[in-house]
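Shown next, in structure tokens, is the structure this report addresses.
The values are calculated or read from the model by the stated rules, or taken from the named source; none is laboratory data. Only a predicted model underlies this, so the values are computations on that prediction, with no experimental measurement involved. When we count neighbours, we look across all protein chains shown, and the Cβ atoms used for this are built from the backbone with ideal geometry, even at glycine. Ligands, DNA and RNA are stripped out before the accessible areas are found, and what is left, the full protein with its side chains, is counted by its heavy atoms. Shrake-Rupley method; radii C 1.70, N 1.55, O 1.52, S 1.80 Å.
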Amino acid sequence: MSLPRLRAVLGRLTAYQATEGVHTAARTRPLSANESPHDPLPGIAEAIADAASTVNRYPDPGCGELTRAIARRHGITDDGVVVGAGSVALLQTLMQSVGDPGTEVVYAWRSFELYPVLADLAGLRSVRVPLVDGAHDLPAMADRVTGATRLVLICNPNNPTGTVVTGEALRTFLARTPATCLVALDEAYYEYTREPAASSGLDLCAAHPNLVVLRTFSKAYGLAGLRVGYLVGHPRVTEQLRKACLAYAVNGVAQRGAVAALGLDDQLLRRVDATVAERGRVRDALAAHGWDVPAGHANFLWLRLGDASAEFGRWCTGKGIAVRTFPGEGVRVSIGCAEDNDAFLAASAEWLTRTSAGAGAGESRAAER
């Protein structure tokens, strides 16, 4: 049977797969997608319900009210903001906007798993710079920037390892990067950062027109199901990026929900504080059980299990707990509600006891370190 001829790159890509059981098993504990475990605040739920009565109409394609609210939140002008259907959609817009034939994108690896997929779809050649102890090696990344480099991606905090880039390191990197190369800071998890040395790129945009910062409402603001994110940058850059954004991509319900969330950010950020405290509790408990867990600065923890990663992921699935497995590298565990976290702690302690007692336990334990 003959089939239509599609782009050859599609044959090399692997479709995104949600963690097993998350959307099919009613009792699965969702610790794989880094969502907020909290229900929407009443004011947000009411705004969403009210907006539902308008779904027979197209939304504002410019997301005007939401753009103004974001600009007020960060003390910038409206023309420096671009709203999209989640920060992933804006990453796609960035790559499509710089992806001329023969051009490159530089990013750390491992980092956000969709970077290489979006790069391939945009026709960009990926230049992957290995992490050092789970963290970005910015000097090495700067060394890899050439005349063909059109975009550098820095995930801060990094997904899935949870490490952060310091403000000093970021400023040094920007000083080494040509003004013609766009630098995108993916700050999807920045609200969870408590590291004093870390610095948001929002503080640096005014001095660096080639810098853009991406944020999302999916994590700290608890609106993952609505798909809303935004980008902040120099108005002359954002003016061009808007041309590449799909019209009406951010639906009216999502726009109204995000505006309501910004109006309640004090309450929402108190929830973030609770998640940060729970992150500390879970890490301390894992350490007490014998795990070696690096400090995390997002709403998840990274378990460096190496070759034992897939086995541990299957173990969690068997216990009704969804975690994100990166075979051969590690397992990322979201910080959920206390009950779900306790179930994960019990499962991880049982697995550690089991592997330590069995043959090859030394190899499994060594992979953690």
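Here are some notes:
- For segment 116-191 versus segment 242-301, the inter-centroid distance based on Cα atoms is 21 Å.
- Residue order for H38, H136 - accessible surface, 1.4 angstrom probe, largest first: H38, H136
- Computed accessible area, K319, all protein chains, 1.4 angstrom probe, square angstrom: 90
- Positive minus negative residues near S97 (Lys, Arg vs Asp, Glu; Cβ under 11 Å): +2
- Cα gyration tensor category, rounded, prolate or oblate, for segment 24-174 with a/c compared to 1.5: prolate
- The chain: most fluctuating residue of A254, A188, A308 per GNM, C-alpha cutoff 10 Å: A308
- Tensor-based shape of segment 32-81 (alpha-carbon gyration tensor, a/c under 1.5 rounded, otherwise prolate or oblate): oblate
- For R29, residues with placed amide H under 5 Å, excluding near neighbours: I321, A322
- Sorting L170, L246, L269 by accessible area puts them as L246, L269, L170; the probe is 1.4 Å, largest comes first, and only protein heavy atoms count.
- Accessible surface of the chain [probe 1.4 Å, protein heavy atoms]: carbon and sulfur percent: 52
- Here the chain carries DSSP beta bridges of which approximately 45% are antiparallel, counting only pairs with both residues inside.
- Cα-based shape type of segment 230-274, given that a ≥ b ≥ c are square roots of the gyration tensor eigenvalues and the cut on a/c is 1.5: oblate
- Taking other residues whose beta carbon is less than 13 angstrom from the beta carbon of T238, and scoring Lys, Arg as +1 and Asp, Glu as -1, yields 0.
- Ordering L262, L305 by accessible surface, largest first, gives L262, L305; the 1.4 Å probe counts only protein heavy atoms, with every chain in place.
- Each Lys or Arg adds one and each Asp or Glu subtracts one; over the other residues with Cβ under 13 Å from the Cβ of R72, this totals -1.
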